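What follows is a short report on a single structure.
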Amino acid sequence: MDFQKDEGIFRKYKHIFNTYEDFFNRDNYPKFSAKSYLPIDEEVCVCLMGKQYKDCCKTKHKEAIKFRKENPGVIEEELDQFYLQKDSKLISSKVEKASVNKKNIAYCSAHEVFGDCDHGNHMRHSHTLTENNVLRNLSFGDKVIGFNDHKVPNEDALNKDISMFYSEIPIENASVTVSFCKKHDEELFADIEKDGNTDYSGTSIQNIEYSLKAITFDIYYKIMNIFYMAELIRNNKYAICSPDGSQSEYFRNYHHSVETLFRLYPLMLKMLNELKRLKTQEAESKLETIIFELPIERINLSLSEVIEYEDILCFVNVINSKKPYIIVSYYKESKRIISIDKLKKMYDSCENEKLQLWYLWNFIKELLINSINIYFNKTAFYDLSDEAKVYLYIVHREGIADIPPEWQNFHDIELMRFLYGCNIML
Ligand SMILES: [Zn+2]
Ligand SMILES: [Zn+2]
């Protein structure tokens with residue numbers, strides 16, 4: 001039974017990863033050489049079982065490299081099969097199910113700063129996109145459309161049946177994590193979720209609450225991804241090397257996930273501390289926020305995501321309140337984000353609404369490329385041609401570097417009509 005197996009995925013980690021403190025303890029995760037990205041011998045092993053790398057999987061990894069060097073091509077078919085399995089069999093979807101549905105990765109993000117969590121009710125499934133203001137206004141109560149990120153895209157499959165690469169999701173299941181207790185999930189987001197508070201007016205407190213949605217999603221997702229990397233290597237040691245035995249992207253990606261997790265963590269604490277002060281007294285927020293109010297009725301997409309611009313981690317939300325907004329927030333350490341300031345200046349000084357939407361387009365494309373926590377209106381999505389759906393998926397998964405400009409221009413017009421809900425040809 002799959003149910004049993006899913007629970008099994010996490011049973012072996014339970015003695016190491018159980019509480020909030022465990023998930024946010026840097027020592028529970030591996031460290032990598034900054035040069036080669038290879039795991040450091042005396043640190044925790046990449047399989048996350050708590051032993052040092054040199055005493056755990058290192059020997060197995062050396063064997064894998066040796067085998068692939070000496071037997072080129074032999075493992076390829078096995079690996080292809082492994083990645084092309086049905087969605088429910090893929091390790092990535094098993095880990096997601098075990099983490100979210102079965103609450104195996106569960107903690108309250110407010111534990112350290114607010115304390116006094118609602119343990120009686122245990123951790124709840126919380127929406128990292130607000131249910132009313134964002135999801136209902138996007139969907140009118142219907143399902144929403146999300147990318148199926150578990151699939152490995154290849155040209156044949158994309159052109160044969162593009163519907164496999166998207167999922168219809170009931171809004172109660174969209175953008176769900178297990179990252180707040182019931183009490184804090186209600187209290188902390190009162191200014192953007194409680195009835196009567198749902199109209200966005202750009203107050204400091206609302207901007208922090210939206211940013212908190214984005215960062216708590218991203219942190220949860222990073223942790224889940226780290227467990228995915230651990231499961232992947234437990235199931236197939238060959239993932240660490242390329243067909244010729246050279247190092248694959250595996251360790252570099254793993255390193256990047258852990259590093260980003262611990263760049264985000266202090267920012268989450270900062271946000272929670274500011275929110276705590278703002279809720280109890282007149283206080284100032286250090287969060288910089290840039291708002292684009294769109295000159296249309298609504299935008300057919302919603303997202304809440306952390307995206308890096310000019311080496312600064314930004315918290316981006318796209319919402320449909322009374323008007324549609326793109327809200328970009330960040331903590332200005334030493335500098336502002338120049339490209340976003342420029343865009344904002346150009347946007348505000350322009351009086352032609354269609355031109356404004358053109359100006360925003362490259363920024364929105366960037367969001368399509370970098371977002372995981374992103375959803376579309378279903379009716380509008382089904383009006384898209386299959387070619388545009390293929391294009392959108394490729395942009396999302398691989399970026400635009402390899403797509404010819406003519407092809408982009410051609411499909412961008414259709415995508416703009418889809419997202420903006422109007423024809424913006426000048
Ligand atoms: Zn190990
Ligand atoms: Zn709590």
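Kindly indicate whether Ser175 is in contact (Cβ under 8 Å) with a residue 60 or more places away in the chain, more than 30 Å from Ala388 (Cα to Cα) and either surrounded by 22 or more Cβ atoms within 10 Å (Cβ to Cβ) or aliphatic (A, V, I, L, M) (or both).
no
Say whether the condition of being surrounded by 22 or more Cβ atoms within 10 Å (Cβ to Cβ), within 16 Å of ligand 2 (Cβ to nearest atom) and under 22 Å from Asn137 (Cβ atoms) is met by at least one residue in segment 195-209.
yes
Being assigned to a loop (DSSP other than H, G, I, E, B) and touching a strand residue (DSSP E or B) at 6+ places or on another chain (Cβ under 9 Å) is the filter here; which residues of segment 140-154 pass it?
Filtering segment 140-154 down to residues assigned to a loop (DSSP other than H, G, I, E, B) leaves 140-143, 148-154.
Scanning segment 140-154 gives Phe140, Asp142, Lys143, Asn148.
I want to confirm something. Restricting to segment 110-144 and keeping residues that are within 18 Å of Ile372 (Cβ to Cβ) and polar (S, T, N, Q), which single residue is nearest to ligand 2 (Cβ to nearest atom)?
Among those that are within 18 Å of Ile372 (Cβ to Cβ) and polar (S, T, N, Q), it is Ser126.
Taking the options Phe165, Phe189, Phe180, Phe147, name whichever one is in contact (Cβ under 8 Å) with a residue 60 or more places away in the chain and either hydroxyl-bearing (Ser, Thr, Tyr) or within 16 Å of ligand 2 (Cβ to nearest atom) (or both). Walk me through it before giving the result.
Working: Phe165 fails: either hydroxyl-bearing (Ser, Thr, Tyr) or within 16 Å of ligand 2 (Cβ to nearest atom) (or both); Phe189 fails: in contact (Cβ under 8 Å) with a residue 60 or more places away in the chain; Phe147 fails: either hydroxyl-bearing (Ser, Thr, Tyr) or within 16 Å of ligand 2 (Cβ to nearest atom) (or both).
Criteria check complete, one pass: Phe180.
For segment 86-106, indicate whether the set of residues that are hydrophobic (A, V, I, L, M, F, W, C), at pLDDT 85 or above and under 22 Å from the mean Cα position of the chain (by Cα) is non-empty. Explain how you work it out, then say what you get.
As a first pass, look at segment 86-106 and keep what is hydrophobic (A, V, I, L, M, F, W, C): 90-91, 95, 98, 100, 105-106.
From the residues that got through so far, the ones that are at pLDDT 85 or above too are 105-106.
Applying the additional criterion that residues be under 22 Å from the mean Cα position of the chain (by Cα) yields 105-106.
There is at least one residue in segment 86-106 that is hydrophobic (A, V, I, L, M, F, W, C), at pLDDT 85 or above and under 22 Å from the mean Cα position of the chain (by Cα).
How about segment 155-184: which of its residues are closer than 30 Å to Ile403 by Cα and either in a helix (DSSP H, G or I) or within 16 Å of ligand 1 (Cβ to nearest atom) (or both)?
Glu155, Asp156, Ala157, Leu158, Asn159, Lys160, Ile162, Ser163, Met164, Phe165, listed by residue number.
With (1) surrounded by 12 or more Cβ atoms within 10 Å (Cβ to Cβ); (2) in contact with a Pro (Cβ under 7 Å, 6 or more places away or on another chain) as the list, and Pro72 as the residue in question, which single condition is left unmet?
(1)
Could you grab me the full set of residues in segment 7-49 that are within 9 Å of ligand 1 (Cβ to nearest atom) and at positive phi?
Scanning segment 7-49 gives a single hit, Leu48.
If you go through segment 265-275 one residue at a time, do you hit one that is modelled with pLDDT of 95 or more, under 21 Å from Ala190 (Cβ atoms), in contact with a Leu (Cβ under 6 Å, 6 or more places away or on another chain) and not small (Gly, Ala, Ser)?
yes
Among the residues of segment 50-75, write down those that are within 12 Å of ligand 1 (Cβ to nearest atom) and either in contact (Cβ under 8 Å) with a residue 40 or more places away in the chain or outside the structural domain of Phe17 (by TED's automatic domain parsing) (or both).
Those that are within 12 Å of ligand 1 (Cβ to nearest atom) and either in contact (Cβ under 8 Å) with a residue 40 or more places away in the chain or outside the structural domain of Phe17 (by TED's automatic domain parsing) (or both): Cys57, Lys60, His61.
Checking Tyr325 against (1) surrounded by fewer than 20 Cβ atoms within 10 Å (Cβ to Cβ); (2) under 23 Å from the mean Cα position of the chain (by Cα); (3) modelled with pLDDT under 95; (4) under 22 Å from Leu129 (Cα atoms), only one condition comes out false. Which one?
(3)
Among residues belonging to segment 26-72 that are under 26 Å from the mean Cα position of the chain (by Cα) and of a type in the set (Val, Ile, Thr), point out the one that is nearest to ligand 2 (Cβ to nearest atom).
So the residue we want is Val44.
The values are calculated or read from the model by the stated rules, or taken from the named source; none is laboratory data. Worth saying up front: this structure is predicted, and the values here are computed from it rather than measured. So basically every Cβ, Gly included, is an ideal-geometry build from the backbone, and we count neighbours across all protein chains shown.
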